Amino acid sequence: MYILGIETSCDETGVAIYDSSFWESNQPAHLGLLGQSLYSQVKMHEIYGGVVPELASRDHIRLGLPLIEDCLKKSGLTISQIDGIAYTKGPGLAGALLVGTSIAKAMAFALSKKIIGIHHLEGHLLSPLLSPNTEGFHTQDLFPFLALLVSGGHTQLMLVKDIGVYELLGETLDDAAGEAFDKTAKLLGLSYPGGPAVSLLAKQGTPGKFNLPRPLIHSKNLDFSFAGLKTAVLTQTKLKIQTDQTLDPQFKADLSLAFVEAVVEVLCKKVKDAIHLTKCKTLVVAGGVGANEQLRAGLNGIAKHLDIQVLFPPLDLCTDNGAMIAFAGAVKLLKNPNLAESTLCFDVKPRWPLDQLIT
Ligand code: KG4
Ligand code: ZN
């Protein structure tokens, strides 16, 4: 099956085509990705310091079809060769989700194709299977594995028992890790989105200048909390303004480093606890914060120490993209063809807990 994936949950319009025969024959999964096209709206939203939902929807409308056309060309396929369409049904911005869903449903109706709605986080969760690192061992043998999902809206540890069978082990009680990065960047006057800006600046920082909290690091469960960390950053910036009236570049770098160290230390400690609890031999890391170099180094260290393997999605698949939706759609339809939707009526799920998704 050739599955076309359409992602429009937030500020990236992503489309891709996945050939499910690669998964079916247990070959390295990334080889099945025939082509993808992506447009990021980051520049448009940057001046507002965050995503403006109405503008996001309009831009998805503007670019949805041209990106699909481009992706078909890259994949060497015509639209009539596509067997099914996977689209992001939620969670995300309601208007933005509706754009991708409308395109997907209209195409499926007009061309008589199979269609399946995908949970955005399930896409992220499975995207590390598209890592070229899986070369050399069979992708389907990786189950069960532990997944750390670190995106702008979620921080979760999941036990992935099989495609569609997920158990939530722990999650953030307040801010997500990505959200804490974005808020810290805003406090320091850095560009949006904050994650890449804060991690880049942290490289110029001097260690030990600030002692920031490690929320819940010693708690007995696998939950997280990052709101207190953000408040600690706010307190430090206020103190600095009171004494110096400005935030100089070295202060920003030192505080960025202290912040990144605190986030990475908490995430790594909880991952270690989760590995001990589940005895999983594979850890996969998904979501935008998974692009963070310092986090990758910390988790690689743990993997070496505990003799497990860790998989990160390729950098371009860490943030939102169509490939993860095409892939999730393909493997879910292979596992259970009955998941194809039979109705032309549609709705989207702006809020949708992933652990309720047992398919
Ligand atoms: O998964 P994603 O693209 O979108 C959501 O579904 O939320 O994640 C976006 C988040 C943002 O908070 C962004 O600041 C963060 O991922 N991010 C990073 C890095 N690149 C993106 N955080 C830390 N370091 C990075 N290099
Ligand atoms: Zn995402």
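By the Stokes-Einstein formula, at 1.567 mPa s and 4 °C, segment 286-335 with its Kirkwood radius over alpha-carbon pairs has D equal to 105 µm²/s. Expressed in units of 2.2 N^0.38 Å, where N is the residue count, the Cα radius of gyration of segment 207-359 is 1.36. For segment 16-60, the equivalent ellipsoid derived from the alpha-carbon gyration tensor has semi-axes of 35, 10, 8 Å in decreasing order. Residues considered: Glu265, Glu122, Glu179. Largest GNM mean-square fluctuation over the chain, using C-alpha springs under 10 Å, is found at Glu265.
For the Cα trace of the chain, dividing Rg by the Kirkwood Rh returns an Rg/Rh value of 0.98. Report, to the nearest 10°, how far helix 177-187 tilts away from the longest principal axis of the Cα atoms in the chain, using its own Cα long axis and a range of 0 to 90°. Compared with the principal axis, the helix lies near 50 degrees.
Divide by every residue of the chain the summed helix terms, -39500 (n - 2.57) for each DSSP H run of at least 4, and state the resulting mean residue ellipticity at 222 nm, rounded to the nearest 500 deg cm²/dmol. It would help to have the intermediate numbers written out before the result.
Numbers: 11 runs with 152 residues, N = 359.
Calculated at 222 nm, the ellipticity per residue is -13500 deg cm²/dmol.
With R₀ fixed at 41 Å, the C-beta to C-beta distance from Tyr48 to Gln250 puts the FRET efficiency at about 0.90.
Given the options Ile6, Pro28, Leu111, identify the residue whose Cα lies farthest towards the positive end of the charge dipole of segment 1-146 (+1 on Cβ of Lys, Arg; -1 on Cβ of Asp, Glu). Ranked along the dipole, the leading option is Leu111. Only Cα pairs under 8 Å and 6+ residues apart enter the sum, and on that basis the relative contact order of segment 13-72 stands at 43 percent. Pairs of Cα atoms nearer than 8 Å and 6+ residues apart set the relative contact order; for segment 142-312 it is 28 percent. Considering segment 151-275, its Cα convex hull presents a mean projected area of 8.1 nm². Once Rh is set to the Kirkwood radius over Cα pairs, what Stokes-Einstein translational diffusion coefficient, in µm²/s, holds for segment 163-217 at a temperature of 10 °C and a viscosity of 1.306 mPa s? Rounded to a whole number, D works out at 118 µm²/s. Using R0 = 22 Å, the C-beta based FRET efficiency linking Lys281 and Lys220 works out to 0.40. For helix 293-306, what angle does its Cα long axis make with the longest principal axis of the chain, in degrees from 0 to 90 and rounded to 10? With rounding to tens, the tilt is 80 degrees.
Multiply the residue gap between Asn338 and Lys209 by 0.36 nm, knock off their C-alpha separation, and tell me the result in nm, one decimal place.
Answer, rounded to one decimal: 40.8 nm.
Of the peptides 298-311, 326-339, how do they stack up when ordered by the mean number of other Cβ atoms within 10 Å, highest first? Numbers along the way, then the final one.
Working: 298-311: 15.6, 326-339: 21.9.
Final packing ranking: 326-339, 298-311.
With both bridge residues required to lie in segment 142-312, what share of the DSSP beta bridges run antiparallel, to the nearest 5%? Here the antiparallel bridges make up roughly 60 percent for segment 142-312.
Just in segment 111-220: which trypsin sites (Lys or Arg not before Pro) are loop by DSSP and have at most 10 other Cβ atoms within 10 Å? Before the final figure, lay out the partial values.
Numbers: sites: Lys113, Lys114, Lys161, Lys183, Lys186, Lys203, Lys209, Lys220; in loops: Lys113, Lys203, Lys209, Lys220.
Those satisfying the criteria are Lys220.
Could you give the angle, 0 to 90 degrees to the nearest 10, between helix 323-335's Cα long axis and the longest principal axis of the Cα atoms of the chain? Rounded to the nearest ten degrees, it is 50. Across the chain, Cα pairs under 8 Å and at least six residues apart give a relative contact order of 25 percent.
Since every read-out is calculated from the coordinates, none of them should be taken as a lab result. This one's a predicted model, so the numbers in the text were calculated from it and none came from an experiment. Reconstructed Cβ throughout: ideal geometry from the backbone, glycine too, with neighbour counts over all protein chains shown.
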